[in-house]
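Below is one structure, written out as structure tokens; comments come after it.
The values are calculated or read from the model by the stated rules, or taken from the named source; none is laboratory data. Given the structure is predicted, the values throughout are model-derived calculations rather than measurements. Note that we place each Cβ from the backbone using ideal geometry, even for glycine, and neighbour counts take in every protein chain shown. We work out accessible area using only protein heavy atoms, side chains counted, and drop any ligands, DNA or RNA first. Shrake-Rupley method; radii C 1.70, N 1.55, O 1.52, S 1.80 Å.
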Amino acid sequence: MEIIISSNTNKPIYEQIIKQYKYLVLQGYLKSGDAILSVRKLALQLSVTPGTVAKAYQEPLFVPVYRSE
């Protein structure tokens, strides 16, 4: 599962990230409780600032799940 952004669009990067994750959920690749990349790791992978990824992760689609062990 890979998030891909395009520089050939006027759509902001954070919106592209949200759209990609929504697609992964709708296609069944991601399910409730599945782990996603941290802000820092995804920012490094996409070569964007952590703030851009953090803005995307503020979308209600991303609800933190806390697990106690």
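So the values come out like this:
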item: Top-ranked residue in segment 27-54 [being in a loop (DSSP other than H, G, I, E, B) and open to solvent by less than 70 Å² (accessible area, probe 1.4 Å); ranked as nearest to K11 (Cα to Cα)]; result: V48
item: Hits in segment 1-26 - residues which are open to solvent by less than 60 Å² (accessible area, probe 1.4 Å) and farther than 16 Å from L37 by Cβ; result: S6, P12
item: In segment 1-26, the residues that are outside any loop (DSSP other than H, G, I, E, B) and basic (K, R); result: K19, K22
item: Given (1) surrounded by fewer than 12 Cβ atoms within 10 Å (Cβ to Cβ); (2) at pLDDT 90 or above, index of the condition Y57 fails; result: (1)
